[in-house]
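Worksheet for the structure shown next.
The values are calculated or read from the model by the stated rules, or taken from the named source; none is laboratory data. In this text the structure is predicted, and so the values were computed from the model without any measurement. Glycine also receives a Cβ, built like all others from the backbone with ideal geometry; neighbour counts cover every protein chain displayed.
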């Protein structure tokens, strides 16, 4: 799944062919996909929320009073979490009914459901990371003094990783225990990881991608011709997708060795 600056959302297969596309009627802020491909969702700059079926037909639409900043679907498309600029997280069910509203100290610009546990992870753009249960309560939270560029978690939530620019890759367990940060030799802006958490893909401010193991050892690098806008790593850690600022989507085979 990819989207562009002209508010088009695309579905591409592994050979790069476009399988579907849709133009959102409002300015697109963020989009997300269920891991099983059963649902897609997007949020707009005026508080719009769209949920799409597997063929990108609109299933339902909602509107929030505050500007939306982030969205996440759980792996099976049962729940959609949306964060707004007022510091509130809204959780919707498949039918678009609001089932939960959560107040947070800061707007959460990064959201992720833990695939194998009933928790929602969130991070602000600066100064906050935390784990919420499905009752809307913080299991833990930390006032991290760092800019946060990306959030990723392993399937069981045991490896929660934040790309924190000059602070490197900050790591937490599902219980909130903080581990030693990982470094790539430059400010870290983007990060993704495999389902088991044994492989990470990271990017800084330049054109280089870094493949790391769970201990932070750099296994390989790959140089692009532009800095990446976004990166994703397949569940097995053997494929990666990279979005570039000139409109290209690049698909990479990643060696496990």
query: Which residue out of 2, 42 is in contact (Cβ under 8 Å) with a residue 60 or more places away in the chain and either buried (at least 18 other Cβ atoms within 10 Å of the Cβ) or more than 26 Å from residue 250 (Cβ to Cβ) (or both)?
result: 2
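With the requirement that a residue be within 20 Å of residue 232 (Cβ to Cβ) and either touching a residue at least 24 places away in the same chain (Cβ under 8 Å) or over 16 Å from the mean Cα position of the chain (by Cα) (or both), what does region 171-186 give you?
Of all residues in region 171-186, those within 20 Å of residue 232 (Cβ to Cβ) come to 171, 182, 184.
182, 184, listed by residue number.
This table checks each residue for (1) closer than 29 Å to residue 137 by Cα; (2) in the same structural domain as residue 150 (by TED's automatic domain parsing); (3) buried (at least 21 other Cβ atoms within 10 Å of the Cβ).
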| position | (1), (2), (3) |
| --- | --- |
| 184 | no, yes, yes |
| 188 | no, yes, yes |
| 192 | yes, yes, yes |
| 218 | no, yes, no |
| 225 | no, yes, no |
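Residue-wise test of (1) under 24 Å from residue 5 (Cβ atoms); (2) outside any loop (DSSP other than H, G, I, E, B); (3) not assigned by TED's automatic domain parsing to the domain that holds residue 173.
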| residue | (1), (2), (3) |
| --- | --- |
| 201 | yes, yes, no |
| 211 | no, yes, no |
| 221 | no, yes, no |
| 229 | yes, yes, no |
| 236 | no, no, no |
| 242 | yes, yes, no |
| 251 | yes, yes, no |
- prompt: Of (1) under 16 Å from the mean Cα position of the chain (by Cα); (2) in a loop (DSSP other than H, G, I, E, B); (3) farther than 24 Å from residue 39 by Cβ, residue 145 satisfies all except one. Which?
  reply: (1)
message: Given (1) in a strand (DSSP E or B); (2) free of Cβ contacts under 8 Å to residues at least 24 places away in the same chain; (3) within 24 Å of residue 153 (Cα to Cα), identify the lone condition not met by residue 32.
response: (2)
- prompt: Can we say residue 121 is surrounded by 15 or more Cβ atoms within 10 Å (Cβ to Cβ), touching a residue at least 40 places away in the same chain (Cβ under 8 Å) and not assigned by TED's automatic domain parsing to the domain that holds residue 241?
  reply: no
message: Being over 18 Å from residue 189 (Cα atoms), buried (at least 22 other Cβ atoms within 10 Å of the Cβ) and modelled with pLDDT of 95 or more: is that true of residue 131 here?
response: yes
message: Given the criterion modelled with pLDDT under 95, more than 15 Å from the chain's Cα centre (by Cα) and part of a loop (DSSP other than H, G, I, E, B), identify the matching residue among 78, 66.
response: 66
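Inspect region 94-109 for any residue being in contact with a strand residue (DSSP E or B) (Cβ under 9 Å, 6 or more places away or on another chain), closer than 26 Å to residue 231 by Cα and not in a loop (DSSP other than H, G, I, E, B) and give the result as yes or no.
Looking through region 94-109, none of the residues is in contact with a strand residue (DSSP E or B) (Cβ under 9 Å, 6 or more places away or on another chain), closer than 26 Å to residue 231 by Cα and not in a loop (DSSP other than H, G, I, E, B).
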